[in-house]
Amino acid sequence: MAEPAVHGESGPDDGADDRPAGTPHPLDPLTADEIRAAVAVLRRERGVGDGWRFASIELREPAKAVVRDFTPGTPIEREAEVICWRCEDGQAYKARVALGEQSVTAWEHRPGEQPNMTVDEFHECNVALKEDPRVIEALTARGITDLDTVLIDTWAYGAHLLPEPYDDRRLGWADVWYRAEPGANPYAHPVTGLHFIVDLNRMELLEVEDERRIDEPDTMGEYIPRLVPGLRQREDIRPLEITQPEGASFSLDGNLLRWQKWSLRIGFNHREGLVLHTLAYEEDGRVRPVAHRLSFAEMVVPYRDPTPEHDRRTAFDVGEWGLGFMTTSLELGCDCLGEIAYRDAVLHDTRGEPYVIRNAVCIHEEDDAVLWKHVDAESGAETRRARRLVVSFHVTVANYEYLVYWRLYQDGNIECEVRATGIMVTTHFTEGEQPPYGTLVDERTYAPYHQHFLIARLDLDIDGEANTVYASESEALPVGPGNPHGLALVQRNTPLRTEQEGKQDYDWSTQRGWKVVNERVANGLGSPVGYKLVPGACFPAMLDPASPVLQRAEAIAHTLWVTPFDRDERWPCGEFVVQSGGDLGLPAWTARDRPIEDTDVVLWYVFGIHHITRPEDWPVMPVDTISFWLKPVGFFDRNPALDVPPAPRHCHPQEAR
Ligand SMILES: [Cu+2]
């Protein structure tokens with residue numbers, strides 16, 4: 001869901017200066033000029049003119065071999081992948097454009113598919129509906145006459161809910177909210193029972209659903225200090241400054257980021273937002289690959305409330321709206337502290353016109369308490385301070401915020417943290433009639449339970465592409481000979497050989513995790529090198545197999561899926577999730593049951609927030625924080641952070657005393 005406030009902040013800049021010096025790297029995102037060039041070619045060769053919309057324009061990432069063999073300065077063929085549609089008949093096309101030759105290399109008609117929702121449609125729908133006499137009448141009947149206070153929020157449909165007379169159209173359904181005064185929170189005031197069904201291609205109001213007029217309760221949904229009655233802000237907080245007098249310890253060369261022994265490339269696109277490419281760790285002069293590509297490929301947010309107010313509310317925030325399109329500019333001192341480097345993102349509107357999101361990605365170092373420590377009776381305390389490199393971006397999807405942090409540590413650990421914050425969707429009810437599917441958060445106001453399933457696409461390449469995934473589990477042996485006290489604990493590692501075996505669920509009782517191993521590379525101890533996906537924040541879908549919501553998002557039915565690498569397999573719930581009926585992603589690909597042993601594998605990790613709403617989440621929700629880890633397991637021969645020096649002038653007993 002999407003209220004994209006990003007345009008205003010990004011300004012009129014056209015992003016022409018975003019290209020790093022020199023020739024592009026094969027993984028650099030498209031520049032503004034490249035976006036314009038792709039659009040110009042399609043206008044010229046395929047007649048994509050007025051009356052069309054561009055849903056997405058992004059870099060077609062090259063094959064791994066091209067990336068591996070690239071030498072700086074060598075010209076490369078850049079390709080754009082474009083999805084556009086003709087509004088008149090709703091027909092969608094997927095195109096590929098060779099930017100060097102300025103030619104269309106693929107033009108695929110996609111009948112029956114709906115491209116992603118767009119920022120332009122969201123805004124145009126809000127404006128068009130507010131001009132419609134039927135909308136004005138419905139609002140007036142509810143005592144709302146100042147349309148400037150009204151926000152109409154468009155959501156996408158699932159196929160199973162499309163109203164029949166219009167089920168071949170591009171449809172949106174809309175919620176209505178209003179601000180108590182200019183600058184106040186629209187999500188503080190839901191207009192319960194009023195929804196609109198809209199043909200987005202014609203911007204035509206098809207139906208007004210006007211039910212259940214409920215007397216507005218006396219709620220307090222404001223969070224901006226001047227609007228919170230009687231708020232006395234705390235006065236006992238003194239400044240906490242982060243200083244790095246000699247600057248940061250990372251370097252940025254175009255999109256290439258280096259920090260201590262880590263290196264990676266920053267990527268960005270409309271759908272996944274931030275992408276980490278070619279992540280590697282250098283050891284004794286050897287650059288050791290860990291991941292080819294890390295990103296978020298889907299997010300599924302079913303509201304678990306079957307009442308008519310919420311039963312359509314299953315958002316696919318990646319596939320419908322795009323984490324990139326929803327990315328907001330970051331601000332120094334608020335979102336990030338310390339010595340910060342930012343990267344801008346270049347995206348485009350539905351006319352194909354590029355625009356820039358300033359400070360879309362933040363890169364900085366953080367102190368992270370103790371890295372390792374021991375106190376010895378003779379030599380005293382030996383302590384190392386930990387630091388981590390954080391690459392992050394924030395998205396605002398209408399009422400909700402998602403903050404994504406990829407963190408690299410000095411001991412080879414990788415942590416992916418997501419924080420959810422923002423404003424919960426709420427609904428009013430008549431006294432004594434609160435539905436059981438949510439929590440009371442304010443007077444006659446409840447926030448429905450819902451879930452946020454995030455699907456991380458983890459293309460790991462542990463010391464190369466030939467990897468095997470093992471389910472790694474602990475087993476306690478029964479009491480018996482050799483184990484009289486029942487203490488024996490062994491570790492079982494089961495190779496996942498096929499895609500069917502690669503469908504894995506979390507198991508608390510065995511502490512199941514998944515180890516990605518390269519059998520062809522041994523560490524100094526003679527064992528194959530590996531990294532372990534240490535699960536966190538996983539929970540079952542809790543959806544009946546017959547549920548059409550689960551059928552659209554079968555990917556959330558397992559904690560982990562493993563597939564052989566295919567660069568065109570990117571979207572775990574399907575490429576076109578707007579108005580989708582079934583999941584054409586992971587379940588369809590894995591139905592072939594391809595081998596996944598000793599080959600280039602991709603892990604799809606499903607985790608998230610099972611959001612049982614609380615009064616404390618209202619009116620603005622303090623962050624809910626979840627994460628998972630990728631940890632080296634025999635990738636190194638010993639603690640790789642032994643070489644981290646003590647902090648200068650501190651922490652070294654011999655010198656300090
Ligand atoms: Cu939530």
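The values are calculated or read from the model by the stated rules, or taken from the named source; none is laboratory data. Model, not experiment: these values are computed from the prediction. Every residue, glycine as well, gets a Cβ built from its backbone with ideal geometry; the counts of neighbours run over all protein chains shown.
Structure data summary
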item	result
Hits in the range 237-264 (condition: in contact with a strand residue (DSSP E or B) (Cβ under 6 Å, 6 or more places away or on another chain) and not in a loop (DSSP other than H, G, I, E, B))	250, 251, 252, 256, 257, 258, 259, 262, 263, 264
Residue check for residue 384: away from the ligand (no atom under 16 Å from the Cβ) and buried (at least 16 other Cβ atoms within 10 Å of the Cβ)	yes
Selection within the range 221-236 - without any contact (Cβ under 8 Å) to a residue 40 or more places away in the chain, part of a loop (DSSP other than H, G, I, E, B) and not β-branched (Val, Ile, Thr)	229, 230, 231, 232, 233, 234, 235, 236
Segments classed as strands (runs of 3 or more DSSP E), wholly inside the range 126-220, with at least 1 members that are over 21 Å from residue 435 (Cβ atoms), among the β-branched types (Val, Ile, Thr) and touching a residue at least 12 places away in the same chain (Cβ under 8 Å)	150-156, 194-199, 204-210
Unique residue being of a type in the set (S, T, N, Q), touching a residue at least 40 places away in the same chain (Cβ under 8 Å) and under 29 Å from residue 63 (Cα atoms) when the list is 599, 613	599
Number of positions in the range 297-308 that are in contact with a Phe, Trp or Tyr (Cβ under 9 Å, 6 or more places away or on another chain) and either farther than 13 Å from residue 452 by Cα or of a type in the set (D, E, K, R) (or both)	6
Test: residue in the range 115-131 that is over 25 Å from the mean Cα position of the chain (by Cα), among the hydroxyl-bearing types (Ser, Thr, Tyr) and over 30 Å from residue 443 (Cα atoms)	no
Among the candidates 646, 619, 572, residue that is of a type outside the set (Lys, Arg), in contact (Cβ under 8 Å) with a residue 24 or more places away in the chain, part of a loop (DSSP other than H, G, I, E, B) and within 16 Å of the ligand (Cβ to nearest atom)	619
Residue in the range 5-18 that is at positive phi, in contact with a strand residue (DSSP E or B) (Cβ under 9 Å, 6 or more places away or on another chain) and at pLDDT below 50 present	yes
Test: residue in the range 465-477 that is under 30 Å from residue 61 (Cβ atoms), assigned to a loop (DSSP other than H, G, I, E, B) and among the aliphatic types (A, V, I, L, M)	yes
Qualifying residue in the range 353-368 (condition: more than 16 Å from the ligand (Cβ to nearest atom), closer than 30 Å to residue 211 by Cα and of a type in the set (D, E, K, R))	no
Options 252, 256, 206, 227: the member that is surrounded by fewer than 20 Cβ atoms within 10 Å (Cβ to Cβ) and under 30 Å from residue 619 (Cα atoms)	227
Leading residue by the ranking (farthest from the ligand (Cβ to nearest atom)) among those in the range 283-337 that are hydroxyl-bearing (Ser, Thr, Tyr) and crowded, with 19+ Cβ neighbours inside 10 Å	329
Among residues of the range 397-418, those that are of a type in the set (S, T, N, Q) and more than 20 Å from residue 270 (Cα to Cα), counted	2
Residue check, residue 242 touching a residue at least 40 places away in the same chain (Cβ under 8 Å), aliphatic (A, V, I, L, M), out of contact with any Phe, Trp or Tyr (no Cβ under 7 Å at 6 or more places or on another chain) and buried (at least 17 other Cβ atoms within 10 Å of the Cβ)	no
Selection from the range 499-510 of residues that are surrounded by fewer than 16 Cβ atoms within 10 Å (Cβ to Cβ) and touching a residue at least 24 places away in the same chain (Cβ under 8 Å)	500, 505, 507, 510
Strands (runs of 3 or more DSSP E) wholly inside the range 36-101 containing at least 2 residues that are crowded, with 18+ Cβ neighbours inside 10 Å and aromatic (Phe, Trp, Tyr)	52-59
Candidates 309, 320, 298, 272, filtered to the one that is among the acidic types (Asp, Glu), in contact with a Ser or Thr (Cβ under 6 Å, 6 or more places away or on another chain) and closer than 18 Å to residue 155 by Cα	309
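Per-residue answers, yes or no, for (1) under 20 Å from residue 454 (Cβ atoms); (2) at pLDDT 95 or above; (3) exposed (fewer than 14 other Cβ atoms within 10 Å of the Cβ); (4) hydrophobic (A, V, I, L, M, F, W, C):
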| position | (1), (2), (3), (4) |
| --- | --- |
| 583 | yes, yes, no, no |
| 597 | no, yes, no, no |
| 618 | no, yes, no, yes |
| 651 | no, no, no, yes |
